[in-house]
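**Q** Before I ask anything, here is the structure I am working with.
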Amino acid sequence: MKKTGSQILLECLQLEGVETIFGYPGGTVINLYDDLMDTPINHILTRHEQAAVHAADAYARATGKVGVAIATSGPGATNTVTGIATAYMDSTPMVIITGQVPTPLIGNDAFQEADMVGITRPITKHNYLVRDVKDLARIVKQAFHIASTGRPGPVLIDLPKDIQVASTTFFYPDTVELRGYKPTIIPNPRQLDKAAEMILAARKPVLYVGGGATLSDVDKELMILAEAIQAPVTTTLMGMSSFPSRHPLSLGMLGMHGTFYANMAVTNSDLLIALGARFDDRVTGKIATFAPNAKIIHVDVDPTSIKKNVRVDLPVVGVLPKVLPGLIERLQKDPETLERVVASSQAWRNQVQEWKEQHPMTYKNTKATIKPQYVIEKLCELTADDAIITTEVGQHQMWAAQFYDFSVPRTFLTSGGLGTMGFGLPAALGAQAAFPKRQVIDISGDGSFQMNSQELATLVQYRLPVKIVILNNNFLGMVRQWQQLFFDKRYSQTCMELPIDFIKLAQAYGAEGFRATKPEEVEKVLRQGLETPGPVIMEFKVAREENVLPMVPAGAGLNEMVLS
Amino acid sequence: MRHVISILVENEFGVLPRVSGLFSGRGFNIESLSVAPTLDETISRMTIVTSGDDRILEQITKQLNKLIDVIKVIDFTDQPFVEREMAMIKISADMQSRAEILRIVDIFRANVVDVTPRSYSVEVTGAPSKIDAMIELLRPMGLKEIVRSGPIVLGRGPKAWKNED
C-alpha cells in the first residue's frame with residue numbers, strides 16, 4: 001500500500017518507539033500535523049519553537065531515548081537553532097523535523113524559506129534535506145541511528161511540503177548502511193591493559209567524570225571502579241548526577257566554580273582518569289598549569305575530544321559501558337596487588353580530606369536577607385532523591401550544582417556546553433512530560449526565566465506540575481559578578497530595573513505563585529509551593545550582590561581560586 | 001607545515017560545504033581544494049592542501065573522519081606521493097616577446113592553447129613549484145590572467161586507495 005511522505009514519517013517515528021513529541025505547526029508542516037491526528041503519538045504544543053527543542057532535549061536527557069521536535073519552515077525553523085546548538089554541545093540524542101517550502105521553490109526566497117541544512121550544518125551531528133519521498137524512510141532510520149549511537153547528537157531532517165504529500169510504497173529498513181559512520185564502540189584491549197597498569201602505578205589518582213557517563217548510564221560501573229581503587233571522584237556539570245555528591249569519595253564539581261578540594265586534587269594528582277569528559281576551558285582553567293604532574297588517561301567515544309585541549313598519555317576510544325567493565329576486570333584480577341595499591345594511596349586520601357576540611361563548600365548565611373545558597377540547600381532537603389532539577393544559566397545554575405545533592409542519574413538537566421539562558425523552563429516541561437509523577441523543579445534566575453516564560457502556558461494547558469524556583473536578585477547576576485570583580489563595579493546593562501511581579505505572572509497563566517522576602521519564610525514558601533498541585537512559581541528575593549565562589553578567574557590556573 | 005590530505009566522500013548533494021565549513025568553522029587553513037568523482041561514481045575524492053603543526057593535523061583528520069559523509073581520510077605526510085597541478089596562463093605577447101614566450105613554454109613542456117596577435121594562452125602541468133617557476137619567468141612579459149587547479153596527489157607504489165582499504 002502506498003503512503004504519503006507525512007504518513008511515512010509518522011509511521012517511522014512509531015517504529016522507533018517515539019511516544020511524545022514537541023512542536024509548533026505552520027504552513028509547511030500542515031499536512032504532517034493533519035496526519036498526526038490519526039496516530040497515537042502524544043504531541044505537546046509549546047509556545048515557541050525554541051522551547052519545543054529544549055523540551056525534546058530534556059525529554060531525551062531524562063529518559064535516554066531520542067527526543068523529537070517539529071517546527072515549520074522559515075522562522076519556525078530558525079527559532080529551533082538555539083535549541084539544536086544546545087543539544088549539540090551537550091551531545092543529546094535528538095531528531096528535529098523542520099518543514100521546508102516545496103522542492104521547486106527551494107532557493108527562490110519563497111515565503112517562509114530558510115536554508116536549514118546550511119544554517120544547522122555546524123550544530124548538528126548530521127542533517128538531511130529530503131529530495132525524494134522514496135528516500136524518506138531510509139533517512140529517518142539513519143537519523144535515529146546517527147542521533148543515538150557513538151557520541152550522541154541532534155540530527156535535522158528538512159522535509160519539503162511536496163515530499164510530505166507525495167506517496168510511495170512504505171518500507172522501513174531493518175539495518176543502516178553508512179560506510180562513512182562506524183563509531184568505535186569496543187575499546188582496544190591493549191589500551192585497557194595499559195590503563196590498568198597506569199592505575200596500579202598511581203599514588204594520587206583522580207577520576208574526572210563528564211557527561212559521557214550520564215549519557216551512557218554507567219553510574220553503577222563508575223561506583224565499582226571508584227570504590228575498587230578508592231580514588232576521589234570529581235564530576236563536570238554534565239557528569240554531576242552520575243556519582244552521588246554525598247559519597248565520601250565525591251569531590252563535587254571541578255573547574256571555574258568547582259570546589260576548592262576538587263581543583264586542588266586535580267592540580268596535585270599524579271593520574272587523571274578522564275571518563276567521557278572533554279577538558280572544556282571552564283574545567284581546565286589555564287592549560288599550562290592544569291594537572292601539571294599528572295599522567296592523563298582519556299576515555300571517550302569521540303576521538304576528536306582526545307588531545308584537542310590537553311596532552312594525553314593514554315587515549316582510549318570506546319563507550320564507557322564497554323570500557324569500565326573491562327578496566328574493573330583487569331584491576332580486580334589480582335586482589336592482593338589492588339589492596340596494596342589502595343593502601344599506598346591512603347596518604348593521598350588523607351590529603352584530600354584535609355583540603356575538604358580546610359575549605360568546605362560553604363557560604364555566609366544571614367538573618368537579614370535570603371541567601372540564594374540557603375534556598376537551594378532547603379530545596380534539596382524538601383525534595384525526593386529522584387526529583388529532576390533543571391536550570392537556566394548563570395549564578396543560580398552554579399549554586400544548584402554546588403549546593404544541591406544529586407544521587408540519582410539523569411536528575412540534573414542543565415545547558416553546560418552552550419550555556420543557554422531560557423533552557424530550564426522548557427526543559428522542566430519536557431522532563432515532566434516524560435515523568436508525570438516525579439517532582440520536576442526548574443531552578444531559575446529572574447533574568448533567565450524571562451527568556452522562555454511563555455512556557456507557563458504550556459505547563460498549565462497540559463497539567464504539567466513543574467515547580468519553578470526563581471532566585472530573584474534583579475540582576476543578570478553572573479555578568480554583574482564579573483563586572484564587580486573585573487570591571488570595577490561598573491554594572492553596564494546588568495540591572496533588571498523593572499521589578500516583575502512573578503506571582504501575578506503565574507496567576508495570569510492560571511498557575512500559582514508564592515513569594516519569600518525574608519529568610520524565615522523560605523522553608524514555608526518551599527513547602528507550600530511543592531505541595532500545591534499544578535505548576536507553581538516560588539519567588540525568592542535574594543541578596544542582590546551575592547557571588548558564586550570559589551571562582552577561578554578566566555585565564556588563571558585551577559589552583560588560583562578566589563575563595564571569599 | 002604544509003600537508004596534503006585526500007578525502008574519499010559520498011558523491012552527494014551538500015558534501016562540499018560540510019568539508020569546507022568544517023575547516024572555516026574550526027579555524028583550519030585551506031590552501032587549495034579540488035574535487036571530482038572516482039572510479040566508483042558514488043564516491044568523490046577531494047584533495048586538500050592545508051597547513052599546521054602535528055596537533056592541528058591530528059584534529060583535522062579526526063574532525064574530517066567524524067563527518068558522516070566522509071568515508072576515508074588519507075594523510076600523505078609520511079608517505080611518498082606524486083603531486084601535480086595544472087595552470088592556464090594568459091600572457092601579453094608582442095613582436096619582441098613572442099619568441100621568448102615560446103622558448104619558456106618549450107622548456108616547461110607546456111602547450112599553447114590559444115593565440116591572438118596580442119596574447120598567448122598556455123597550459124602547464126607539474127608540481128606546484130614548477131608552475132611557480134614558470135610564472136616567474138613569464139612575469140616580465142606581462143601576465144594577464146592565471147587559473148590554477150590546485151594540486152591533486154596519488155600515492156606511489158602499487159597500493160590503491162579505495163573504500164574497502
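The values are calculated or read from the model by the stated rules, or taken from the named source; none is laboratory data. Computed from a predicted structure; not experimentally measured. Cβ: placed from backbone, ideal geometry, glycine included. Neighbour counts: every protein chain shown. Ligands, DNA and RNA are excluded from the accessible area calculation, which covers all protein heavy atoms including side chains. Shrake-Rupley method; radii C 1.70, N 1.55, O 1.52, S 1.80 Å.
**Q** Among A:Thr391, A:Leu379, A:Pro409, whose Cα projects farthest towards the positive end of the dipole of the stretch A:370-415, with charges put on the beta-carbon of Lys, Arg (+1) and Asp, Glu (-1)?
**A** A:Thr391
**Q** With axes computed from alpha carbons, what is the tilt in degrees of helix B:54-66 against the longest principal axis of chain B, rounded to the nearest 10 within 0 to 90?
**A** Taking the Cα atoms of chain B, the angle to B:54-66 is about 70 degrees.
**Q** Ok, one more. Nearest 10 degrees, 0 to 90: what angle lies between the long axis of helix B:98-107 and the longest principal axis of chain B (Cα atoms)?
**A** 40
**Q** So which of A:Lys134/A:Lys322; B:Lys62/B:Lys130; A:Lys307/A:Lys356; A:Lys489/A:Lys541; A:Lys182/A:Lys322; B:Lys66/B:Lys130 end up more than 25 Å apart, counting from Cα to Cα?
**A** Checking Cα-Cα distances, A:Lys134/A:Lys322; B:Lys62/B:Lys130; A:Lys307/A:Lys356; B:Lys66/B:Lys130 exceed 25 Å.
**Q** Mind listing the phi-derived Karplus ³J(HN,Hα) values for the stretch A:259-275, rounded to whole Hz, using 6.51, -1.76 and 1.60 with θ = phi - 60°, and x for any glycine or proline?
**A** Result, ordered by residue: 6, 3, 6, 5, 5, 5, 4, 5, 4, 9, 6, 9, 8, 10, 9, 8, 10 Hz.
**Q** Of all DSSP beta bridges located in chain A, what percent are antiparallel, nearest 5?
**A** Details: 5 of 70 bridges.
Taking every DSSP beta bridge within chain A, about 5 percent pair in antiparallel fashion.
**Q** What do you reckon, how do A:Phe435, A:Phe423 stack up by accessible area (1.4 Å probe), largest on top?
**A** Reading off the accessible areas and sorting them downward yields A:Phe435, A:Phe423.
**Q** Give the aspartates and glutamates whose C-alpha is closer than 13 Å to that of A:Lys437, dropping any in the same chain fewer than 8 places away, or say none.
**A** A:Asp386
**Q** For the stretch A:1-68, what does the relative contact order come out to in percent, with C-alpha contacts under 8 Å and a separation of six or more?
**A** Once normalised by length, the contact order is 35 percent.
**Q** In Å³ and rounded to a whole number, note down the convex hull volume per residue for the Cα atoms of the protein assembly as shown.
**A** 202
**Q** Can you compute the helix-only [θ] at 222 nm over the protein assembly as shown? Use -39500 (n - 2.57) per DSSP H run of at least 4 residues, normalise by all residues, nearest 500 deg cm²/dmol.
**A** Value at 222 nm, helices only, nearest 500: -10500 deg cm²/dmol.
**Q** Step through the residues of the stretch A:27-35 one at a time and calculate ³J(HN,Hα) from phi using the Karplus curve (6.51 cos²θ - 1.76 cosθ + 1.60, θ = phi - 60°), rounding each to whole Hz and writing x for Gly and Pro.
**A** x, 8, 10, 5, 5, 4, 5, 5, 5
**Q** Compute the acute angle (0 to 90°) between the alpha-carbon long axis of helix B:15-25 and the principal axis of greatest extent of the alpha-carbon atoms of chain B; round to the nearest 10°.
**A** 90
**Q** To continue, here is another question. What percent does the relative contact order of the stretch B:7-165 come to when contacts are Cα pairs within less than 8 Å and at least six residues apart?
**A** Relative contact order comes out at 26 percent.
**Q** Related question: Leaving ligands, DNA and RNA out of it, rank A:Leu105, A:Leu464 by accessible area with a 1.4 Å probe, largest first. Please list the in-between numbers first.
**A** Details: A:Leu105 75, A:Leu464 15 Å².
Sorted descending by solvent-accessible area, the residues read A:Leu105, A:Leu464.
**Q** If amide H atoms are built 1.01 Å from N in the plane of the peptide, which residues on other chains or at least 5 residues away come under 5 Å of the amide H of B:Ile71?
**A** B:Leu8, B:Val9, B:Glu10
**Q** How much solvent-accessible surface does B:Glu10 expose, in Å² to the nearest 10, with a 1.4 Å probe and all protein chains in place?
**A** The value for B:Glu10 is about 30 Å².
**Q** What total accessible area, in Å², is buried where chains B and A meet, using a 1.4 Å probe and rounding to the nearest 100?
**A** 1700
**Q** Then there is this: Only Lys, Arg, Asp and Glu count, each charged at its Cβ (+1, +1, -1, -1), so figure out the dipole size of chain A about its Cα centre, rounded to 20 debye.
**A** 800
**Q** Can you give me the relative contact order of chain A as a percent, contacts being Cα pairs under 8 Å and 6 or more apart?
**A** 14 percent.
**Q** At 37 °C and a viscosity of 0.692 mPa s, what translational diffusion coefficient does Stokes-Einstein give for chain B, taking Rh as the Kirkwood radius over Cα pairs? Give it in µm²/s as a whole number.
**A** Stokes-Einstein gives a translational diffusion coefficient of 186 µm²/s.
**Q** Set the Förster radius R0 to 25 Å, insert the Cβ-Cβ distance between B:Arg109 and B:Phe81 as r into 1/(1 + (r/R0)^6), and round the FRET efficiency to 0.05. Present the calculation step by step, with values, prior to reporting the outcome.
**A** On the way: r = 21 Å, r/R0 = 0.84.
Efficiency for this residue pair is about 0.75.
**Q** With charges set only on the Cβ (+1 for Lys and Arg, -1 for Asp and Glu), what does the dipole of the stretch B:39-94 come to about its Cα centre, in debye to the nearest 20? Each step should come with its number before you reach the end.
**A** Details: 7 positive and 11 negative charges, 31 e Å.
With only Lys, Arg, Asp and Glu charged at Cβ, the dipole is about 140 debye.
**Q** Any idea which of A:Phe435, A:Leu251, A:Leu9 is furthest toward the positive side of the dipole for chain A, if Lys and Arg beta-carbons carry +1 and Asp and Glu beta-carbons -1?
**A** Going by the Cα projections, it comes out as A:Leu251.
**Q** I would also like to ask the following. 5 Å is the cut-off here: which amide hydrogens, built 1.01 Å from N in the peptide plane, fall below it relative to B:Ala93, excluding neighbours closer than 5 in sequence?
**A** When sequence neighbours closer than 5 places are left aside, the close amide H contacts are B:Ser119, B:Tyr120.
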